[in-house]
Each structure stands twice: as structure tokens, then as C-alpha cells.
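Computed from the coordinates by the stated procedures, all read-outs in this text should not be read as laboratory data. This is a predicted model, so every value here is computed, not measured. Heads up, the Cβs are rebuilt from the backbone with ideal geometry, glycines too, and the neighbour counts pull from every protein chain shown.
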Amino acid sequence: MVIAYTGSQDVLDVIGRLGRTEDIKFSPDYRRFAVAGFSASKVFLFDFSVAHGPETKLILTGAAEIFSESFDYPHGLDFIGDDSLIVANRNGSACILRLPECTNGAGHYEISPSGAIAERDLLDSPGSVSVNRLSRGRYEVLICDNFGHKITRHIVTTAGCYSVQDSSVLLQKHIDIPDGICVSSDRRWIAVSNHNKHCVFVYLNDGSLNASTGPQGILKGVYYPHGLRFTADGSAILVADAGAPFVRIYARPGVDWRGVHYPSSSYRVLSDEMFMRGRGNPQEGGPKGIDVNEGMGIVATTNDLQPLAFFSLPEMLSGTGDNSYCSDQQSQLAVTCELDLDDYTAASREETKTRAAQARSRATQAEKRAAEAETRARRADFRASRAEIHSKKSEGQVAAMISSRSWRLTAPLRWASFYFNQIK
């Protein structure tokens, strides 16, 4: 079931300016949510309330378009408390902003960052981010380094100002473009979307995780996983599939997530027509961001052509509902997605092989040039040695001639010749 939303025209106009969106996140107090405007290089902040009646409806009471000099393709975001936001920028750093107060209507704000995680030797391309409160004023921040193919961990304190106390690589083994991350509410499990491997890795967060740790669980049956969320009780994981018009729902089979799992159901969040219109390649067209407001029973998703959409969480978890929003795994679209995935994967492999062959060719040419340079250097050294020997030999011959008896006997003749030439 789609949950409708409404608002004043100036607020709805802001939604029309969202452009390409990525992650979405509700604030801890569930009074507002933030959306990463990737193409607009902005963050959009919405205040809302829920009207309960025969049908649940969201009322968007305010919208803030936030710009910052630190934004550079914002991709991931999460709240630090209710009034601050960390924004991970694909081409920049992860910056921390203090947010404006809730407001009615629409507004524009330019905000300078209050802090940043900008360790370029550790973070190449910050993507999605997850914030977890450790204690008062102390937070754990997990960041997907998209093209660094790893997850980094940072301890941030908020006393007085934001400061980074510690940073390290948390996960790396087998990860190939991490495109989403979330932590269960009890902090026992971490789930990471593994874009190029078409699966989600699930890790037991027992304090022993490091760059060499592999996952304890793998969620398969998803084309290109993006945003993902645990339910509050940790019994299910919702995964936005950017390569399909579905949210994939995984039900925990027992007491934990160990092993390989497939979706218990798939919930349609886009029509086939809208999905295909946004599908410039097999990696696009489906939902990107996803978040859960469990108290209100709401799931929020983002997509380029459907910037904001809200759905019933109970219905999504039940695996039932109106037919227009139930998955049909036997549809022709599913066949098309599978074939396109195979073709895209094969093309990617060929491209990788071509790049590898080109790299080997460049390396061979470089080695050849280095060998030629070394040969030229040896020849130059040889010529220099010969010249030095010849020079020393010539110097010896001149010294021997000057010290010879004949040179001394002919000295008067040389002096006379010199004098004669001077008076001519």
C-alpha cells in the first residue's frame, strides 16, 4: 500500500527539485527526514507529521534545501542526534552539519561544516554512512568507501565541537563497491550492500572485525543492492534493489544471520514502466535509498523518477498486499533483468580483461624502455671510461716528453723561434 503525502505548494516544489537522489534517513525523534541530492549537490530536509484515519497520510510541513561548500556529490547521510547530520560526499569528505530548526514552508540554507572526517589516505570515495551512539557525546561512524572497496570506522565526539578520536579500516575482504550499510538496533549485526557481487554481506559485530574478516551471512537474490535496513527487532532486512523495481525482504531463519539466504518476498515500489524509463543501464532504475519509521509503520524510498515514496511496513513484511505492489518473479521483466545482468557482467569481465592486457602491455613497454635506458647508460659509462683512460694516457705522454733529454736540448731553438716571431 502506497502511503500518500501532501504539503504546501512551496514544499512540493522542493520535491520537484530533488533530481537524482541517493540515501534517505529519518531523524532519531522521527520528526524529520533527510535526502541526499546527489546531482543537485544539496541535502534536502523535510519536517513532517502523520495523519491517522481510514488511510494513513504524511503531511510535509516544512522543507529546507541545504547547500554547503563541503558538498561534492553527497551520497550517504545519517543523523548524529536529532540536530546534526553527517554527509558522505562521493568526491570529497564526510562533513558534519548542524541543522536549522524545524520550520513551516520552504527555505534555503547555506551551512558551513562543524566538523569533518577527511582522511584521504583512508577514505577515497565516501558513500553510505551509519551512525551508532556509543555513549553520551560519543558516536561510532561507519562509512562505505565505494571505490576503495572497504568499510572504515571512526569514533566521533561531540563535546564542545566535533572531533575524530580514532579511525581505522573495519572491513575489506571480498567487498567490491559497498553501496549501503546499516547496523541492527542491538548492534550485534552489520549489513553491507556488495554492489558488484550482487549480494549483501552480514557480519557478526563481536569486536573482532578487521580488514581480513569475511561475512558470516550472505543475502543473495538481489541484482544491485543499495540502501538497506534492519527492522527494529532484527528479524528482517529490507534491501533496495537498484537493478529492479523491488525492495527485497529477507527474513531471519533462526536466531542469527549465519549462512546463505534468499528473499522471503519482494515488494514492488515502482511500476515496470517507470522502472524501465529510469533504467539507463542494468545498475539503475530501481530504488536507491530506504529507511524505516517503525513507530509509524512507514517505509520510505527514493528513486530518480519517483523522488519520494512511502509504503506500509506491516504490509511489506507480510508478503501480501494489493497485487499491483506484489512481486512477480516469473514475469518477463525478471527474465530481462537476469539476461541484462549476465550481459553486463560478461561485458565488465571483458573490459577488465582488456584493461589488464593494456596494463600488462604498458608494463612491458616500460620495462623495455627501462632496459634500453640502462643499456644506453652502460654504453655512456664505457665511453666515459675510455675517454678518461685516453686522457690519462695523453697526459702521461706529454709529461714524458717534457721531461725528456731531447726536449731540454731543443729548448734554445724554441726560445729563439719564439723571439724571432715576436720581432717580425
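Once phi is turned into ³J(HN,Hα) by the Karplus curve 6.51 cos²θ - 1.76 cosθ + 1.60 with θ = phi - 60°, what whole-Hz value does each residue of the stretch 221-236 show in order, with x for glycine and proline?
Rounded to whole hertz, the list is x, 9, 7, 10, x, 10, x, 7, 8, 7, 6, 4, 8, x, 8, 8.
For the stretch 4-326, what is the number of Lys pairs with C-alpha distance below 24 angstrom, counting only pairs 8 or more positions apart or on separate chains?
Lysine pairs, 8 or more places apart or on different chains, close enough: 15.
Around ILE80, under 12 Å between beta carbons, what's the net of Lys plus Arg minus Asp minus Glu among the other residues?
Overall, the nearby charge balance is 0.
Please list 3J(HN,Hα) in residue order for the stretch 158-171, calculated via the Karplus relation 6.51 cos²θ - 1.76 cosθ + 1.60 where θ = phi - 60°; whole Hz, with x for glycine and proline.
For the stretch 158-171, the Karplus curve yields 10, 5, x, 8, 7, 9, 9, 8, 7, 9, 6, 7, 8, 9 Hz.
Which net charge results for the neighbourhood of SER68, defined as the other residues with beta-carbon distances under 10 angstrom from its beta-carbon, given Lys and Arg at +1 and Asp and Glu at -1?
Surrounding charge for SER68 is -2.
What dipole magnitude, in Debye to the nearest 20, does the stretch 4-326 give about its Cα centre under +1 on Lys/Arg Cβ and -1 on Asp/Glu Cβ?
660
Using only Cα atoms and rounding to the nearest 10 degrees, what angle (0 to 90) does helix 332-402 make with the longest principal axis of the chain?
20
At q = 0.06, 0.07, 0.08, 0.14 Å⁻¹, what is the base-10 log of I(q)/I(0) for the chain according to the Debye formula with one equal point scatterer per Cα and no solvent? Please give it to two decimals.
Normalising to I(0) and taking log10 leaves -0.34, -0.41, -0.50, -1.27.
Given a 10 angstrom Cα cut-off, can you work out which residue in PRO307, PRO245, PRO100 is the most mobile in a GNM of the chain?
Of PRO307, PRO245, PRO100, the most mobile in the Gaussian network model is PRO100.
Residue farthest toward the positive end of the dipole of the chain, with Cβ of Lys/Arg at +1 and Asp/Glu at -1: which of VAL2, VAL50, PRO287?
Of VAL2, VAL50, PRO287, it is PRO287.
Sequence-distant or interchain residues sharing an amide H contact under 5 Å with ALA116, placed H: which?
ILE96
Treat each spin label as a single point 7 Å out from the Cα along the C-beta direction, and report the ASN91 to GLU294 distance in nm.
3.8
Tally Lys and Arg at +1 and Asp and Glu at -1 over the other residues with C-beta under 13 Å from the C-beta of ALA399: what net charge comes out?
For residues surrounding ALA399, the net value is +1.
Sequence-distant or interchain residues sharing an amide H contact under 5 Å with ALA106, placed H: which?
ALA63
Per-residue HN-Hα couplings for the stretch 265-277, Karplus 6.51 cos²θ - 1.76 cosθ + 1.60 at θ = phi - 60°, whole Hz, x for Gly and Pro?
Those phi angles translate into 6, 10, 10, 6, 10, 9, 6, 4, 4, 5, 4, 5, 5 Hz.
Can you list the residues, at least 5 places off or on another chain, whose amide H is less than 5 Å from the amide H of ALA236, using H built in the peptide plane?
Amide H neighbours of ALA236: THR231, ARG252.
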